[in-house]
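Peer 1: Just passing along the structure, written as structure tokens.
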Amino acid sequence: MQFLTQTLQDYFAYYSSAFDFMESLADRALLIRYEELVASAEPLTQLVTFCGLKPKLQPEFVHFLTRFEHFAKPSERTFYRSGNDEAWRQDTAWLAKLDSVEKPDFSRFGY
């Protein structure tokens with residue numbers, strides 16, 4: 001479990017530094033969370049607006065086209081087994097390990 005504890009501490013340190021840097025940039029930085037990016041095209045619209053770009057493809061089309069189900073056929077073996085970002089939440093063995101270690105407070109990062 002030491003590996004898991006250390007990994008969580010490393011992630012916390014990395015994200016703390018990244019958020020400190022992002023906050024120092026004020027309006028010159030844009031935070032886009034992965035969960036938001038896969039949920040809708042809105043973050044893509046925010047990104048092109050933030051960068052001052054006129055996209056060649058509409059963000060809605062890019063969001064649709066890059067969905068997991070468009071990259072993997074159900075019968076093929078792929079790197080991602082299911083394309084379900086929430087599958088880990090149903091893995092009782094993993095959750096037991098995660099519950100058994102001391103975790104940093106990730107609430108600053110929205111988690």
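Read-outs: derived from the displayed coordinates by stated rules, not from any lab. All values reported here derive from a predicted model rather than from experimental measurement. Reconstructed Cβ throughout: ideal geometry from the backbone, glycine too, with neighbour counts over all protein chains shown.
Peer 1: How much length is gained on full extension from TRP94 to LEU57, taking 0.36 nm per residue of separation minus their Cα-Cα distance?
Peer 2: Taking TRP94 through LEU57 to full extension adds about 9.4 nm, to one decimal.
Peer 1: Assuming R0 = 25 Å, what is the FRET efficiency of TYR14 and ASN84, from their Cβ-Cβ distance, to the nearest 0.05?
Peer 2: Between TYR14 and ASN84 the formula returns 0.50.
Peer 1: Applying 1/(1 + (r/R0)^6) with R0 = 35 Å to the Cβ-Cβ distance of VAL38 and GLN2, what FRET efficiency is obtained, to the nearest 0.05?
Peer 2: It comes out at approximately 0.65.
Peer 1: Further question on the same structure: Show me, for the range 20-25, the HN-Hα J-couplings you get by feeding each phi into the Karplus relation (A = 6.51, B = -1.76, C = 1.60, θ = phi - 60°), rounded to Hz, glycine and proline as x.
Peer 2: Karplus-based 3J(HN,Hα) across the range 20-25 equals 4, 5, 4, 5, 5, 8 Hz.
Peer 1: LYS97: which aspartates and glutamates have alpha carbons under 18 Å from its alpha carbon, excluding same-chain residues fewer than 8 sequence positions away?
Peer 2: Those aspartates and glutamates meeting the cut-off are ASP10, GLU86, ASP105.
Peer 1: What is the chain's relative contact order, in percent, from Cα pairs under 8 angstrom and six or more apart in sequence?
Peer 2: Working: 45 pairs, mean separation 41.0, N = 111.
Relative contact order for the chain comes out at 37 percent.
Peer 1: Per residue and in cubic angstrom, what volume does the convex hull of the Cα atoms of the chain have?
Peer 2: So the per-residue Cα hull volume is 135 Å³.
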